[in-house]
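Q: Dumping the structure here so I can ask a few things about it.
The values are calculated or read from the model by the stated rules, or taken from the named source; none is laboratory data. These numbers come from a predicted model, not from an experiment. Cβ coordinates were reconstructed from backbone atoms using ideal geometry, including for glycine residues, and neighbour counts include every protein chain displayed.
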Amino acid sequence: MYRILDRSGGCCPLSADSGTKIVILRYYGQIILIQSIIANMPRKPPLVFPQEQRLLSALGERLRLARKRRKLSNAVVAQRAGISRTTLYKVEAGDAGATLGSYVRVLAVLGLEGDLDQLGADDRVGRKLQDLELEPAPKRRTAIRAKAVNPPASNSEEST
């Protein structure tokens, strides 16, 4: 089914060649064609384990406190970050559905984007794994096998 939607919200069905849905939006003279974009968008936020959710909630709380210390309203921070107030609420709540870009924009507005450099800076486990790969492998001992010397065959076996 094809539909044309315009600014006034009017809808005109067109004939459909196939079973796919294509929505054509006409907005101020521009036509935007949306095909599989809607179908490929995630429907729900990713699965987050409880420990990770606690980390996100704590980060959101720290961002909310930083905003309040600077005496900035939700509307001002959202406008400066270029996100909606709803997205800002999600960031401050530690919602896993909020994008990393939203978190970074809020950090930048609050002047805390420099803290991102500290994330993963001291990767102890990774460095140990890297050091293990760089160390030369211990030389293997090759077992020296002594060849068993076969006793000479006796001539009596051959003659019989």
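Q: Applying the selection to segment 84-96, what residues are modelled with pLDDT under 95 and aliphatic (A, V, I, L, M)?
A: Ala96 - this is the single residue of segment 84-96 that is modelled with pLDDT under 95 and aliphatic (A, V, I, L, M).
Q: Taking Ala137, is it under 30 Å from Arg80 (Cβ atoms) and modelled with pLDDT of 60 or more?
A: The answer is no for Ala137.
Q: List every residue pair whose Cβ atoms lie under 8 Å apart, where the two residues are 6 or more positions apart in sequence or sit on different chains, the first residue falls within segment 114-132 and is closer than 20 Å to Leu63 by Cβ, and the second residue, located anywhere, is at pLDDT 85 or above.
A: Asp115/Leu107; Leu116/Val104; Leu116/Leu107
Q: Any idea how many residues of segment 87-110 are more than 18 Å from the chain's Cα centre (by Cα), more than 23 Å from Pro50 (Cα to Cα) and without any contact (Cβ under 8 Å) to a residue 40 or more places away in the chain?
A: Total meeting the criteria: 2.
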